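The values are calculated or read from the model by the stated rules, or taken from the named source; none is laboratory data. Treat the numbers as computed from the prediction; the structure is a model and nothing was measured. Don't worry about glycine lacking a Cβ; one is built from the backbone with ideal geometry, like all the others, and counts go over all protein chains shown.
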Amino acid sequence: MELSYTFLVIILEILVIPVVLLLAWAVYYDLSTSEIPPGIDKPLKLRILHCLMIVSSCVGKILENLSLCSKIHFIRYIQEGKKLGEDPKLNIKDLTFEDIPVRVYQPRASTLEHRRRGVVYFHGGSWMFGSINSYDHVCRYLAKESDSVLVSVGYHLAPEEKYPSQFKDCLTASRHFMKTAEDYGVDPARIIIGGDSVGGNFAASVCQALSSGSELTKPLAQILIYPGLQAIDFNLPSYQQNRAVPILYREDVISSALQYLNKDLSVLDSVMQGCHVPSDIKMRFGKWINSENIPEEFKVRGYKPQTTTSFLDDVYEVVKQALETTFSPLMAEDAIIGQLPKACIITCEYDVLRDDGILYKKRLEDNGVPVTWYHIEDGFHGVINLFDGFLSFPSGKKGVDSIVTFLKSL
């Protein structure tokens with residue numbers, strides 16, 4: 001018995017020491033690299049969340065080095081979650097729209113007098129992460145609270161699927177739903193396209209494609225939740241101010257984009273400095289993508305205008321796809337922007353992508369498109385996915401409730 005006890009203690013010590021060291025490293029890395037501004041929602045809880053993310057990334061890297069599984073697949077597994085159980089207020093079905101997985105959320109309550117609005121939703125996740133399951137709680141809440149039929153699209157992820165296949169998946173699923181809307185009790189004239197983070201990028205690009213076509217009824221509205229919309233300027237005020245605010249660093253935006261495009265990460269620093277943009281493109285799009293178009297109140301927190309950088313043709317050749325409108329919808333021409341439906345744009349103060357949303361808001365309004373703007377003053381990137389549960393944030397609840405309010409107004 002004593003020998004067994006001793007053996008158990010040794011095993012526990014062997015397991016505990018690496019775990020303690022890993023947690024210590026996560027705390028050190030968070031404290032040494034991240035910046036938590038004083039006005040952010042629940043700063044201690046955000047640090048805990050960030051440390052958990054660091055731990056999962058480290059474990060994933062260890063497993064990859066041991067050839068047990070890739071880091072990307074491990075993080076996906078950790079984030080995946082599972083489909084929640086039955087919901088008394090919703091009928092939930094897993095289907096495929098032309099080989100693209102979707103989950104359809106239909107309110108159970110009868111609507112004999114009218115057809116419901118429909119929402120097509122694209123999840124976030126830096127092109128490589130996120131899933132229908134990981135957004136199940138968000139989509140259930142939006143469908144129930146707004147009394148809408150919601151379709152969550154499980155587009156294929158990078159790096160297995162290359163750009164622009166994710167955009168094409170989202171466009172295909174949207175078209176399919178718009179053609180078959182009545183089968184789900186949805187009015188084809190009341191369909192909204194939405195998404196968060198890269199899902200917001202897809203939503204903007206899909207709306208541009210659908211609004212410029214003529215074969216289908218155009219979307220009624222678009223919902224863009226802290227979207228990334230351009231790859232010209234990574235030194236806008238929000239990129240500088242929030243460059244190290246969890247859970248999305250400025251370097252993470254660029255590295256994820258390069259992986260999505262299947263490009264070499266060695267150009268990351270040059271892209272961050274703006275060396276990838278030819279002078280003619282800077283001149284052509286500078287009137288739209290420019291810190292001068294950002295209201296002054298968003299520049300007071302440590303913003304410094306960028307100095308001129310030299311253009312590097314070899315860097316441009318590597319990343320030029322990032323300047324296409326299916327990647328950077330903020331670069332679309334006015335003729336396209338002017339045809340777009342009314343928009344709801346949600347931005348967070350402590351988010352590197354904040355200014356992309358603000359610039360798109362200005363472009364839409366300048367072209368006569370109505371915009372409802374919700375700015376979460378204490379919010380950070382990814383917060384709507386954290387509106388409930390153990391690691392919940394009040395700013396996340398503000399975000400999802402803002403979406404519900406907009407949907408009910410349509």
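When we screen 402, 395 for residues that are in contact with a Gly (Cβ under 9 Å, 6 or more places away or on another chain) and hydroxyl-bearing (Ser, Thr, Tyr), the only hit is 395.
Taking the listed residues 289, 294, 345, the one that is under 30 Å from residue 40 (Cβ atoms) and in contact with a Gly (Cβ under 8 Å, 6 or more places away or on another chain) is 345, with no other qualifying.
The condition (being within 28 Å of residue 36 (Cα to Cα), at pLDDT below 95 and polar (S, T, N, Q)) is satisfied by just one residue among 273, 241: 273.
Residue-by-condition table, conditions (1) free of Cβ contacts under 8 Å to residues at least 60 places away in the same chain; (2) within 21 Å of residue 303 (Cβ to Cβ):
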| position | (1), (2) |
| --- | --- |
| 346 | no, no |
| 361 | yes, yes |
| 372 | yes, no |
| 377 | no, yes |
| 386 | no, no |
| 391 | no, no |
| 398 | yes, no |
| 405 | yes, no |
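Residue 165 - would you say it is free of Cβ contacts under 8 Å to residues at least 24 places away in the same chain and over 20 Å from residue 218 (Cα atoms)? Yes: the conditions hold for residue 165.
Residue check: is residue 259 within 30 Å of residue 45 (Cα to Cα), modelled with pLDDT under 95 and either surrounded by fewer than 20 Cβ atoms within 10 Å (Cβ to Cβ) or in the same structural domain as residue 168 (by TED's automatic domain parsing) (or both)?
Spelling it out, residue 259 is indeed within 30 Å of residue 45 (Cα to Cα), modelled with pLDDT under 95 and either surrounded by fewer than 20 Cβ atoms within 10 Å (Cβ to Cβ) or in the same structural domain as residue 168 (by TED's automatic domain parsing) (or both).
Find the helices (runs of 4 or more DSSP H) located wholly in the range 222-281 whose residues include 2 or more that are under 28 Å from residue 160 (Cβ atoms), and list them.
Filter on the range 222-281 gives 250-260, 268-273.
Looking across the range 294-330, the residues that are assigned to a helix (DSSP H, G or I), more than 26 Å from residue 343 (Cβ to Cβ) and of a type in the set (D, E, K, R) come down to 313, 314, 317, 320. Taking (1) crowded, with 19+ Cβ neighbours inside 10 Å; (2) at pLDDT 95 or above in turn, residue 156 satisfies each apart from (1).
Would you be able to say whether some residue in the range 98-121 is of a type in the set (Phe, Trp, Tyr), out of contact with any Ser or Thr (no Cβ under 6 Å at 6 or more places or on another chain) and surrounded by 21 or more Cβ atoms within 10 Å (Cβ to Cβ)? For the range 98-121, residues of a type in the set (Phe, Trp, Tyr), out of contact with any Ser or Thr (no Cβ under 6 Å at 6 or more places or on another chain) and surrounded by 21 or more Cβ atoms within 10 Å (Cβ to Cβ): present. Can residue 248 be described as within 14 Å of residue 382 (Cα to Cα), touching a residue at least 24 places away in the same chain (Cβ under 8 Å), outside the structural domain of residue 373 (by TED's automatic domain parsing) and in contact with a strand residue (DSSP E or B) (Cβ under 9 Å, 6 or more places away or on another chain)? So residue 248 fits the description; yes. Among the criteria (1) free of Cβ contacts under 8 Å to residues at least 12 places away in the same chain; (2) within 20 Å of the chain's Cα centre (by Cα); (3) surrounded by 13 or more Cβ atoms within 10 Å (Cβ to Cβ), the one residue 61 does not fulfil is (2).
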